[in-house]
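Everything on this sheet refers to the single structure shown next.
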Amino acid sequence: MGKVLLGRYVPGDSIVHRMDPRAKLILSFFFIVIIFLANNWQSYALLFALTIGSILAAKVNFAFFIKGVRPLIWLILFTVLLQIFFSSGGTVFWRWGPFNLSYYGLINGAYVFCRFVLIIFMSTLLTLTTAPLEIADALEKLMMPLKKIKVPVYEISLMLSIALRFVPTLMDETAKIMNAQRSRGVNFGEGSIMQQIKAVVPLLVPLFVSSFNRAEDLATAMEARGYRGGEGRTKYRVHYWQTGDTVGCAVFVAVLIILLFLRHW
Amino acid sequence: MAMAIIFKAVNYMYQPNTPFEQQALENISVEIPTGSYTALIGHTGSGKSTFLQHLNGLLRPTSGVIQVGKQAITPETKNKQLGELRKHVGIVFQFPEAQLFEETVIKDIAFAPKNFGKSEEEAETIARRMAQQVGLDDELLSKSPFELSGGQMRRVAIAGILAMEPEILVLDEPTAGLDPQGRLEMMEMFKRLKEEQNLTVVLVTHQMDDVAKYADNVIVLEKGKLIASGTPSEIFAQPNWLVEHHLALPKAGEFALEFEKKTGYKFSTLPLTEVSLAQQIASLLHGGGVHHG
Ligand SMILES: Nc1ncnc2c1ncn2[C@@H]1O[C@H](COP(=O)(O)OP(=O)(O)OP(=O)(O)O)[C@@H](O)[C@H]1O
Ligand SMILES: [Mg+2]
């Protein structure tokens, strides 16, 4: 365990760490949307500059970002190869049945690769610099308007924070139970497909049982401490929108404007 | 097969090369002799559980070598090479009831021997024997393990490890959370098993009474470093050193110290178990040598 970096918070004290989680959340979504406006190498260069700048401002070790890409590398390569071999246009270098390697294919492949890397870098930056519970809080605040159309915002955000809170616990538990079952002669990730499926049972059953027990305990503990729904609850963490957040948003909007300009250049 | 355990300059680091990296074992060199009853003690977080997971290669050292019988475990050792070793090293983890998963108690106990190549019938025969060893009633065997009480689940889990018939039995606080009677029964059972089957036992415990009563060899860890090893009487010889390292004397030893303070009498060797304490005081009373001071 411990290899999953997406969703891993590294405490720190940088401009990015101190930003309002709402701002970070909005900007991350904003970034993902504007990536799709990029259509030439200048615009990708601009987006890379923005990403690298944000990473530098966060003072987080760059190795984290490379590690964030690694688990997804097969998905990325697969998509890139699809792009390369199935899009046509421009000079064709090579053709075999339905496959063809064309100039546009290569360019598209490169763009898709850049998009993936940019999205992963930016979302890794969000989760590295923002504690999971802050993200949940920010989501709750941002979803508040949906309350008017009867979306159970408090419940959703409570579920989200509980889920986030228990991810590390569940991972620890998984590691422990795997160790215990390994000691009893289970080989995880070895042998035929059938054997591997069978090996999962001694892992999943205890995990489910302990999750249910924990959920029950948690519910009891919450009731014992007087929890009765989110209505009218005050917050322990209060967010303040600061100058830094406005500046951050301004930078991103400026990038959008330049991007639109580059697009029609 | 004799299976001595030798640690040579073992280091272990959790999550190396990340901001979360933590050195859990630091340059540990120590030997656990075959057939010994070794107690592993130390303050919470000192690396005891980490140490144990090296005994069957669940964790491989970041550097150094662990020799268990013929098998050497190095940073390069592959999982596949460790199957044979895991047959011989049974580990009862902290709160082992978390590992139960089968439909019935008997199936759960028989799980490990089946994995290690015993037939269904053989495994079940062993399972019944072990259930008896740990004091589980016959009528429980066909129940689901999740219907049992915490203490009963613990017994099932321990039986599940004993059923591997290991040569090295590793116990990580096996009695934590049990009632006093159950605790005594368990410890006596481990002792009996050890003697009958000539096992090597490695016990992690915070109960100094158990260390004095059962162990013949003690290893003390502190913040991942080996700070002492020897017989219980060597380890418990310096009460001040123990206090400095967040350890304590067994109850009998504390009583004896208090007794010395109040009476001015000096024991020739500090009694560490209730039995030896009682004997020394009895001979003292018969000899009639207590002076009030
Ligand atoms: N999976 C893990 N990832 C990172 N660090 C860990 C992990 N497991 C243990 N540690 C750290 O390694 C150190 C030793 O832990 P270990 O569990 O071996 O202690 P212990 O002596 O068994 O303690 P206890 O008496 O509380 O069971 C601790 O500082 C702990 O925080
Ligand atoms: Mg431990």
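The values are calculated or read from the model by the stated rules, or taken from the named source; none is laboratory data. Predicted model, so just to flag it, every value in this text is computed and none were measured. Don't worry about glycine lacking a Cβ; one is built from the backbone with ideal geometry, like all the others, and counts go over all protein chains shown. Accessible surface is based on the protein model in full, side chains and every heavy atom, while ligands, DNA and RNA are left aside. Shrake-Rupley method; radii C 1.70, N 1.55, O 1.52, S 1.80 Å.
At a glance:
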{"read-out": "Under 12 Å, Cβ to Cβ, from B:K223 - net charge with Lys/Arg +1 and Asp/Glu -1", "value": "0"}
{"read-out": "Inter-probe distance in nm under a simple model that places probes 7 Å from Cα toward Cβ, at A:L72 and B:T34", "value": "5.5"}
{"read-out": "Sparse-neighbourhood loop sites, GluC sites (Glu not before Pro) in the stretch B:85-132 - DSSP loop, at most 16 other Cβ within 10 angstrom", "value": "B:E103"}
{"read-out": "Interface residues, the stretch A:178-222 - accessible area loss of 50 Å² or more versus chain alone, probe 1.4 Å", "value": "A:N179, A:R182, A:S183, A:R184, A:E190"}
{"read-out": "Protein heavy-atom accessible area occluded, B/A pair - total, 1.4 Å probe, Å²", "value": "1900"}
{"read-out": "Theoretical ellipticity at 222 nm over chain A - DSSP helices of four or more residues, -39500 (n - 2.57) apiece, nearest 500", "value": "-23000 deg cm²/dmol"}
{"read-out": "Relative contact order for the stretch B:184-293, counting Cα pairs under 8 Å that sit 6 or more residues apart, in percent", "value": "20"}
{"read-out": "Heavy-atom surface of chain B, accessible at 1.4 Å and reported per residue (Å²)", "value": "47"}
{"read-out": "Solvent-accessible area per residue for the stretch A:144-224 (1.4 angstrom probe, square angstrom)", "value": "63"}
{"read-out": "Separation of the B:E121 and A:C249 label points, Cα + 7 Å toward Cβ, nm", "value": "7.7"}
{"read-out": "Relative contact order of chain B, pairs being alpha-carbon contacts under 8 Å that are 6 or more residues apart, as %", "value": "21"}
{"read-out": "Over the stretch B:104-222, relative contact order from alpha-carbon pairs under 8 Å, at least 6 apart, %", "value": "25"}
{"read-out": "Debye intensity ratio I(q)/I(0), log10, the stretch A:144-224, q values 0.23 Å⁻¹ (C-alpha model)", "value": "-1.08"}
{"read-out": "Förster-model FRET efficiency, 60 Å R0, B:V243 and A:K235, C-beta, rounded to 0.05", "value": "0.85"}
{"read-out": "Low-density loop cleavage sites - trypsin sites (Lys or Arg not before Pro) in the stretch A:48-137, where at most 15 other Cβ are within 10 Å (DSSP)", "value": "A:K59"}
{"read-out": "Spin-label zone in the stretch A:195-213 - amide nitrogen under 19 Å from a point set 7 Å from the Cα of B:S144 along the C-beta vector", "value": "A:201-213"}
{"read-out": "Neighbourhood net charge (15 Å Cβ-Cβ; Lys/Arg +1, Asp/Glu -1) for A:R165", "value": "-3"}
{"read-out": "Average other protein chain Cβ within 10 Å of Cβ, residues B:78-87", "value": "2"}
{"read-out": "Karplus-derived 3J(HN,Hα), 6.51/-1.76/1.60, for each residue of the stretch A:87-95, Hz, glycine and proline x", "value": "9, 10, x, x, 5, 9, 8, 6, 9"}
{"read-out": "Estimated distance in nm for a label pair at A:E155 and A:D13, the labels positioned 7 Å out from Cα along Cα-to-Cβ", "value": "4.2"}
{"read-out": "Shape call, the protein assembly as shown: gyration tensor on alpha carbons, a/c limit 1.5", "value": "prolate"}
{"read-out": "Calculated on alpha-carbon atoms, Rg and Dmax of chain A in Å", "value": "23.0, 71"}
{"read-out": "Cα extents of the stretch B:146-245 along the three principal axes, largest first (Å)", "value": "46, 28, 25"}
{"read-out": "Sites matching trypsin sites (Lys or Arg not before Pro) across the stretch A:172-255 that sit in DSSP coil, with at most 14 neighbouring C-beta atoms within 10 Å", "value": "A:R225, A:R228, A:R233, A:K235, A:R237"}
{"read-out": "FRET efficiency, B:Q181 to B:S283 (Cβ-Cβ, R0 41 Å, nearest 0.05)", "value": "0.85"}
{"read-out": "Accessible surface of the protein assembly as shown [probe 1.4 Å, protein heavy atoms]: carbon and sulfur percent", "value": "61"}
{"read-out": "Residue-averaged 222 nm ellipticity for chain B, from DSSP H runs of 4+ at -39500 (n - 2.57), nearest 500", "value": "-11000 deg cm²/dmol"}
